[in-house]
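Notes follow once the structure below has been shown.
The values are calculated or read from the model by the stated rules, or taken from the named source; none is laboratory data. Computed from a predicted model, the values in this text were never measured in an experiment. Every residue, glycine among them, receives a Cβ derived from its backbone with ideal geometry; neighbour counts consider all protein chains shown.
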């Protein structure tokens, strides 16, 4: 569609502070289009009315889509429906938040040569009286009377020729219309309908009474100059910071905010200090989540700002923040559209408690919906009941600034009643200090800002730096989740089977039934498939050896359905362990008001002079006994040997190792020993295995460790097998 008309004086009125409304949605022409940045995509436009040209930045995603599709090019006419005006590097910038593409400009509009708008050349809103002009017989009255503004149908005003406007501005008034000393005239200005009434519109003060202009009727006034004095400046449309005690709402933060902004917010979460290194050297940072009544934003303190504020800032307290910078968020690491950075120049002040500023707010997603999310790496909030918990493990970090350091890790499954009948489970991993939280099966967790990831064909959640975790919060949802979990029979998240099949091999045999903890599809493998896959394992990294991303994997994880057909008999299925309690390693600091958590040493002990001693120097009068033995796993495709540890051993043998240790002290218990070992055999279980290559007696071999073991839900498994049979034969 060819567009013939623009809104007269649109640029002047925008920079004069006229706010967007149903009556004022100016139509302008785009004179130039450029890409400012690609991540995120931002555009710079030059927009103009009949006489004035101004740069602008597109902030709105929907309008950016139109730009990306090529619908907005030079000489495209658009209608502005939402905008802001701010100062960036001493220049006035129009921020387009929403606009509508009307079509291509007519030939008459294409040849317009508007001049650049200069700050101070527009309407002076600081005046308390009406708009002043020396245009005695036309001025804005001609724009109003001949443009026919119609608020009902929002039609485009008819253009008044700039040449006619300037010609009439230069025309001397008749003597009988001149009053006052020196040719001072009294002039009525008839503004457009949206500014005709007395009062304040935007930041302009409007009066309906006539005023005197102490200007010669022969003084030239150029089109667009309405301030009536040399000191007049076009006002900038201020953010609502002015009306909220000089605090900028978080929802209005953007890279284009005026300098000197200040926010007042509550810290809802705070991360640990993280060290890093790059081309500029080593550094440090910590992150906080800030929230006020309007929204939330993630902020990062760098450098000396960490030393100044890390110990001072506390979660759930209110502060004011000044001297920060705003930039676009990186979706891989940040939440929201923008993030804030602070340093040693930042000013932070403590504030009194304000109940109007909310605490942690959640946007919970059902676990079934999170598992169905195709794009991993997003940040989500979830809540549920802890349905299974694993022991805390120490992992060696291979990459990044913490390479070579130990880091605590703990995995558990969370349940809610979303998805299929019986609810859905999902695996979540806690890292760092959070791994030592007191988690119990049946407890309720609220998790804010967990990062989605993919591990062995299933979606998982991991805690990030500012991830918030609440255990059994005092919230109505806590009691509702507990009620639902108990009504569902307190389902365990250890092993849950589903109907996902792997592809059929060349021989036509099925690759195994599907397995997914809480709906995340992990295909169950046969022993033969495990052995074939693990041929490609590489040896683990040696001490001090750098990580090479191009080398093969040094660890595989498998899920198998196997029968235990044998337990080692040449030695006891347990060992004597040190019972001394020691502090858990990998913690940076204990939670406020608590001490560092402790664990048993568990190192192997030897008896010396009536005392049991371990390699760490601890001694005790009586050791603990923990399971450690090798078992044989068998299915219809083959068998393999695996090592089993204490937690899985208790499930396998039906009791802890201390209960059976006496059978191996002294002789005469061979029959009882054999009975214990036979009781563990011929049990078919679901198992999670870890496979790693090791060197034993100068020979490389693959070592399998049973990480988790559980009984098979026979009813659910039988139904699944029956469903597969029906599907294979076409139903019956």
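What the table shows:
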{"read-out": "Flag for residue 362 being within 30 Å of residue 44 (Cα to Cα) and not in a strand (DSSP E or B)", "value": "no"}
{"read-out": "The stretch 57-71: number of residues that are buried (at least 20 other Cβ atoms within 10 Å of the Cβ) and farther than 12 Å from residue 97 by Cα", "value": "1"}
{"read-out": "Identity of the residue in the stretch 691-713, closer than 16 Å to residue 559 by Cβ, assigned to a strand (DSSP E or B) and at pLDDT below 90, that ends up farthest from the chain's Cα centre (by Cα)", "value": "711"}
{"read-out": "Looking only at the stretch 415-437, and only at residues there that are in contact with a strand residue (DSSP E or B) (Cβ under 7 Å, 6 or more places away or on another chain) and part of a loop (DSSP other than H, G, I, E, B), the one that is surrounded by the most Cβ atoms within 10 Å (Cβ to Cβ)", "value": "423"}
{"read-out": "Yes/no for residue 90 being at pLDDT 90 or above and either in contact with a helix residue (DSSP H, G or I) (Cβ under 6 Å, 6 or more places away or on another chain) or surrounded by fewer than 22 Cβ atoms within 10 Å (Cβ to Cβ) (or both)", "value": "no"}
{"read-out": "Residues that are out of contact with any helix residue (DSSP H, G or I) (no Cβ under 6 Å at 6 or more places or on another chain) and at pLDDT 85 or above, drawn from the stretch 390-412", "value": "411, 412"}
{"read-out": "Matching residues, the stretch 444-489, being modelled with pLDDT of 90 or more, more than 26 Å from residue 335 (Cα to Cα) and crowded, with 19+ Cβ neighbours inside 10 Å", "value": "481"}
{"read-out": "Extreme residue, surrounded by the most Cβ atoms within 10 Å (Cβ to Cβ), among residues of the stretch 255-268 that are modelled with pLDDT under 85 and more than 12 Å from residue 321 (Cα to Cα)", "value": "257"}
{"read-out": "Residue 584 vs. criteria at pLDDT below 85, in contact with a strand residue (DSSP E or B) (Cβ under 6 Å, 6 or more places away or on another chain), exposed (fewer than 14 other Cβ atoms within 10 Å of the Cβ) and farther than 23 Å from residue 689 by Cα", "value": "no"}
{"read-out": "Residues of the stretch 307-324 classified as loosely packed, with under 15 Cβ neighbours inside 10 Å and either free of Cβ contacts under 8 Å to residues at least 12 places away in the same chain or in a helix (DSSP H, G or I) (or both), total", "value": "2"}
{"read-out": "Selection within the stretch 599-618 - part of a strand (DSSP E or B) and over 42 Å from the mean Cα position of the chain (by Cα)", "value": "604, 605, 606, 607, 608, 611, 612, 613, 614"}
{"read-out": "All positions within the stretch 651-682 that are surrounded by fewer than 16 Cβ atoms within 10 Å (Cβ to Cβ) and assigned to a loop (DSSP other than H, G, I, E, B)", "value": "654, 655, 665, 666, 667, 668, 669, 681, 682"}
{"read-out": "Within the stretch 619-650, considering residues that are part of a loop (DSSP other than H, G, I, E, B) and out of contact with any strand residue (DSSP E or B) (no Cβ under 8 Å at 6 or more places or on another chain), the one farthest from residue 564 (Cα to Cα)", "value": "637"}
{"read-out": "In the stretch 43-56, residue nearest to the chain's Cα centre (by Cα) [restricted to those that are in contact (Cβ under 8 Å) with a residue 60 or more places away in the chain and buried (at least 20 other Cβ atoms within 10 Å of the Cβ)]", "value": "54"}
{"read-out": "Selected residue (criterion: nearest to the chain's Cα centre (by Cα)) from residues of the stretch 333-356 that are part of a strand (DSSP E or B) and without any contact (Cβ under 8 Å) to a residue 60 or more places away in the chain", "value": "339"}
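Here's the yes/no breakdown for (1) surrounded by 16 or more Cβ atoms within 10 Å (Cβ to Cβ); (2) touching a strand residue (DSSP E or B) at 6+ places or on another chain (Cβ under 8 Å); (3) in contact (Cβ under 8 Å) with a residue 12 or more places away in the chain:
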| position | (1), (2), (3) |
| --- | --- |
| 275 | no, yes, yes |
| 288 | yes, yes, yes |
| 297 | yes, yes, yes |
| 305 | yes, yes, yes |
| 326 | yes, yes, yes |
| 331 | no, no, yes |
| 358 | no, yes, yes |
| 362 | yes, yes, yes |
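For (1) at pLDDT 85 or above; (2) closer than 30 Å to residue 719 by Cβ, each residue gets a yes or a no:
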| residue | (1), (2) |
| --- | --- |
| 507 | no, yes |
| 554 | no, no |
| 563 | yes, yes |
| 578 | yes, no |
